[in-house]
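The values are calculated or read from the model by the stated rules, or taken from the named source; none is laboratory data. Please read these numbers as outputs of a predicted model, since none were measured by experiment. With ideal geometry, Cβ positions are generated from the backbone for all residues, glycine too; neighbour counts draw on all protein chains shown.
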Amino acid sequence: MLTTAVESTTLAMVAYDGAGEVLWLEFQSHAVYCYFGVPAAVHHALLAANSKGAYFNRYIRDRFPYQKVLDWPVFLPTTTR
């Protein structure tokens with residue numbers, strides 16, 4: 001799994017499991033949500049977006065099934081972009 005700290009007023013961290021097509025997003029509020037069935041192209045585009053919050057709102061929010069994560073493993077390695 002690739003975990004990336006991001007510069008955004010909306011998101012703090014993005015993690016992605018390509019094998020399972022699962023995207024984890026940690027918001028600046030520290031809430032973490034898991035999105036299912038997210039293609040790798042969407043993950044890559046999110047990381048490349050000038051506005052991660054705008055990309056999330058337009059291409060991820062309400063487009064994929066999701067679940068709030070209650071027990072987030074804070075020990076995941078982070079790669080800063």
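Cβ-Cβ distance below 9 Å, separation of 6 or more or different chains: which pairs start in the range 2-17 with a residue that is closer than 19 Å to G37 by Cβ and of a type in the set (D, E, K, R) and end on one that is modelled with pLDDT under 95 and part of a strand (DSSP E or B)? So the pair list comes out as D17/L2. Does L47 count as at pLDDT 95 or above and out of contact with any Phe, Trp or Tyr (no Cβ under 6 Å at 6 or more places or on another chain)? Considered against the rule, which asks whether it is at pLDDT 95 or above and out of contact with any Phe, Trp or Tyr (no Cβ under 6 Å at 6 or more places or on another chain), L47 comes out as yes. Checking the range 63-77 against the condition returns a match, with at least one residue being modelled with pLDDT of 95 or more, touching a strand residue (DSSP E or B) at 6+ places or on another chain (Cβ under 7 Å) and surrounded by 12 or more Cβ atoms within 10 Å (Cβ to Cβ). When V42, V38 are screened for being assigned to a loop (DSSP other than H, G, I, E, B) and within 11 Å of the chain's Cα centre (by Cα), only V38 passes.
All of (1) at pLDDT 95 or above; (2) touching a helix residue (DSSP H, G or I) at 6+ places or on another chain (Cβ under 9 Å) hold for V22 with one exception: (2).
Could you tell me whether Y55 is part of a strand (DSSP E or B), at pLDDT 95 or above and either surrounded by fewer than 12 Cβ atoms within 10 Å (Cβ to Cβ) or within 12 Å of the chain's Cα centre (by Cα) (or both)? Working first, answer last.
Values: part of a strand (DSSP E or B): no; at pLDDT 95 or above: yes; either surrounded by fewer than 12 Cβ atoms within 10 Å (Cβ to Cβ) or within 12 Å of the chain's Cα centre (by Cα) (or both): yes.
So Y55 does not fit the description; no.
Could you please give the count of residues in the range 40-52 that are closer than 13 Å to A15 by Cα and either in contact with a Lys or Arg (Cβ under 8 Å, 6 or more places away or on another chain) or surrounded by fewer than 18 Cβ atoms within 10 Å (Cβ to Cβ) (or both)? Working first, answer last.
Going residue by residue through the range 40-52, those that are closer than 13 Å to A15 by Cα are 40, 42-44, 46-47.
Within this subset, residues satisfying the condition of being either in contact with a Lys or Arg (Cβ under 8 Å, 6 or more places away or on another chain) or surrounded by fewer than 18 Cβ atoms within 10 Å (Cβ to Cβ) (or both) are 40, 44, 46-47.
Result for the range 40-52: 4.
Kindly evaluate A31 against the criterion of being exposed (fewer than 15 other Cβ atoms within 10 Å of the Cβ) and farther than 16 Å from D62 by Cα. Considered against the rule, which asks whether it is exposed (fewer than 15 other Cβ atoms within 10 Å of the Cβ) and farther than 16 Å from D62 by Cα, A31 comes out as yes.
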